[in-house]
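The structure appears below as C-alpha cells.
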Amino acid sequence: MKPLEDYLVIDFSQFLSGPSASLRLADMGARVIKIERLGVGDICRTLYTSKLIMNGESSVFHAINRNKESFEVDLKNEDDCEMVRELLKKADVMIHNFRPGVMERLGFDYQSVVALNPTIIFGEISGYGMKTEWKNNPGQDLLLQAVTGLTYLTGNADSGPVAMGLSIVDMLAGSHLAQGLLACLYRKAIKGEGGFVQVSMMESAYDFQFETITTFMNDGGALPERSKKNNANAYLSAPYGIYQTENGYLALAMGSIPQLSNLLGCEKLEDYTEISEAFDKRDKIKAILAEHLLSNTTEKWLSILETADIWCSDVLNWNALMAHDGFKVLNMIQEVEMVDGYKYETTRCPIRIDGELLKSSVGSPKLGQDNEKIIKEFINQSTIANA
C-alpha cells in the first residue's frame, strides 16, 4: 500500500508548477482529480515545448499529468460550481496556481473552501507572492529566472545572462508545495487540523540559490564572477568546469592543480602551486587545461583521473545515458497507458519507499474522461437533479 492511498486531492492548477506537486502526491498513492475548464482543459494540453504531439496533445501535459483523473466543468456555471463544492467537502487537499484574485472571483479561495471543509489542506502557488508589486505579473519560468538573479550563474563571463534549459523554477515551486502539503497531512493525521500552504515561484528561486546568496550576503555584497572559460560555478576555483577532449567532453570538479599537472602531464600547470592561485588565476588555469585536454580522448583522461580518485566524469547525452548500465539498473522509465489505449514512455517517481519503486501504469487523462464516474461517486443526487 502506498503511503497516501485513500487521500483525495482536488487540483485546479495548470501549466507546470501546481501539476508537478499533485503528480508527486499521486505517485505516493493519492487520488488526484484535475478540475479542468470546459472545452479547453489545462492550458498545458496545448503548451508545446517541441514539435512532438502525443495522442493529439502536448508531451509536457502527458509527462506531468499521468496517474490523474479529469473532471471537466464550467466554473462560470453555478451548477458545475456546486458539484465542485461537493468534491471539496470530501477532499483532503486542494491545489491551485492562479494569479491573485482569480479564486476569490470564482468562489474557491481559502476562506470559502475552509468554510466548506474546515480540515482541508489548501495549497497555492503564486508567481511573486501576494504582496509584492509584481504580484499580478505572469508567473512564467523564464521571467522568474530573469528577475531572481539565476541567469547570472550559468554560462561564461562574457555570455551575458543565460537561462537554464529547464523550467526549473516551476519544478522547484511544485516540490516546495508538495513538501508543505505533506507536512500538513502529517499534522492533520496527528491533530485533525487543516492548513494553508503558500509557495511563490520567486521564493523558491531564492531558496534554490541559498548557497550563493549566503556567500553574496556575507562577502560585502560582491556579485558573483563567472570564469571566462569553462564556467560551471561562479564561486568555485579551477578546475571546476566542463572541458572538450579529442573525442568528447570531460567534467572536472574540485581538485589540486599540482596533482592535475602531474597526472595529466601538463607542464604549463607546474607554475601554479599555491592553493589561492586556483581562485585568483582561475581563468589562466582553465585556459591551460582546456588546451591540454584536447590532446587526448575522454576515455584516456578518465582512466588516469579516476584511478587517482579525482572527481571527474564523462559528459553524456540522453542516448548515451540510457544505453549505460548505470542508468538501466535504476529502472527509471515506465510505460503508461491512457484510457483510449494510447501508450507512452515516461519517467517514474524518483522516490523509493520500503525498497519499493513508486510506479503506476496509468497515463494522463483525456479531457473530462472521469466526469461520469466522479459524479456517480461523489456528487449528491439532489445536486444533479437541480443542475
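The values are calculated or read from the model by the stated rules, or taken from the named source; none is laboratory data. Predicted model, so just to flag it, every value in this text is computed and none were measured. Positions of Cβ are backbone-derived with ideal geometry, glycine not excepted, and every protein chain shown enters the neighbour counts.
Points to keep in mind about this one:
- Those residues of segment 77-109 which are at pLDDT 95 or above and among the charged types (D, E, K, R), in sequence order: 78, 79, 80, 82, 85, 86, 89, 90, 92, 104, 105, 109
- Taking segment 1-47 as the range and being farther than 17 Å from residue 113 by Cβ and β-branched (Val, Ile, Thr) as the test, the residues that pass are 40, 43, 46.
- Filter result for residue 112 (polar (S, T, N, Q) and surrounded by 17 or more Cβ atoms within 10 Å (Cβ to Cβ)): no
- Looking across segment 128-141 at every residue that is surrounded by 15 or more Cβ atoms within 10 Å (Cβ to Cβ) and more than 13 Å from residue 101 (Cα to Cα), the one that is farthest from the chain's Cα centre (by Cα) is identified as 134.
- Considering segment 11-49, and only residues there that are of a type outside the set (Asp, Glu) and either over 21 Å from the mean Cα position of the chain (by Cα) or not assigned by TED's automatic domain parsing to the domain that holds residue 138 (or both), the residue that is surrounded by the most Cβ atoms within 10 Å (Cβ to Cβ) turns out to be 35.
- Test: residue in segment 356-368 that is surrounded by 14 or more Cβ atoms within 10 Å (Cβ to Cβ), outside the structural domain of residue 266 (by TED's automatic domain parsing), out of contact with any Lys or Arg (no Cβ under 9 Å at 6 or more places or on another chain) and within 30 Å of residue 80 (Cβ to Cβ): yes
- Of everything listed in (1) farther than 23 Å from residue 197 by Cβ; (2) acidic (Asp, Glu); (3) in contact (Cβ under 8 Å) with a residue 12 or more places away in the chain, the single unmet condition for residue 36 is (1).
- Scanning segment 161-179 for residues that are more than 8 Å from the chain's Cα centre (by Cα) and either buried (at least 18 other Cβ atoms within 10 Å of the Cβ) or closer than 15 Å to residue 128 by Cα (or both) yields 176, 177, 178.
- Residues in segment 280-308 that are farther than 18 Å from residue 230 by Cα, of a type in the set (Asp, Glu) and over 32 Å from the mean Cα position of the chain (by Cα): 1 in all.
- Take the conditions (1) in the same structural domain as residue 198 (by TED's automatic domain parsing); (2) in contact (Cβ under 8 Å) with a residue 60 or more places away in the chain; residue 52 misses just one of them, which is (2).
- The number of residues in segment 8-19 that are assigned to a loop (DSSP other than H, G, I, E, B) and either among the aliphatic types (A, V, I, L, M) or more than 27 Å from residue 169 (Cβ to Cβ) (or both) comes to 1.
Conditions (1) crowded, with 17+ Cβ neighbours inside 10 Å; (2) closer than 15 Å to residue 246 by Cα, marked per residue:
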| site | (1), (2) |
| --- | --- |
| 257 | yes, no |
| 260 | yes, no |
| 267 | no, no |
| 270 | no, no |
| 279 | no, no |
| 294 | no, yes |
| 297 | no, yes |
| 304 | no, no |
| 307 | no, no |
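- Just one of the listed residues (121, 125) is touching a Cys at 6+ places or on another chain (Cβ under 9 Å) and crowded, with 18+ Cβ neighbours inside 10 Å, and it is 121.
- Candidate set: segment 181-222, residues that are among the polar types (S, T, N, Q) and touching a strand residue (DSSP E or B) at 6+ places or on another chain (Cβ under 6 Å); chosen: the one farthest from residue 118 (Cα to Cα): 200
- Elements of type strands (runs of 3 or more DSSP E) contained in segment 286-368, each with 1 or more residues being free of Cβ contacts under 8 Å to residues at least 24 places away in the same chain: 333-337, 343-347
- Helices (runs of 4 or more DSSP H) within segment 94-213 that include 3 or more residues under 21 Å from residue 33 (Cα atoms) and assigned by TED's automatic domain parsing to the domain that holds residue 49: 102-106, 110-116, 168-191
- Residues that are out of contact with any helix residue (DSSP H, G or I) (no Cβ under 8 Å at 6 or more places or on another chain) and over 20 Å from residue 157 (Cα atoms) within segment 277-297 comprise 294, 295, 296, 297, listed in sequence order.
- Tabulated pairs, segment 77-103, first within 22 Å of residue 20 (Cα to Cα), second modelled with pLDDT under 95 and among the aliphatic types (A, V, I, L, M), C-beta under 7 angstrom, 6+ apart or interchain: 100/130
- Taken together, the criteria place residue 39 among residues that are over 20 Å from residue 360 (Cβ atoms) and in a loop (DSSP other than H, G, I, E, B).
- In segment 237-255, the residues that are assigned to a loop (DSSP other than H, G, I, E, B) and modelled with pLDDT of 95 or more: 237, 238, 239, 240, 245, 246, 247, 248, 253
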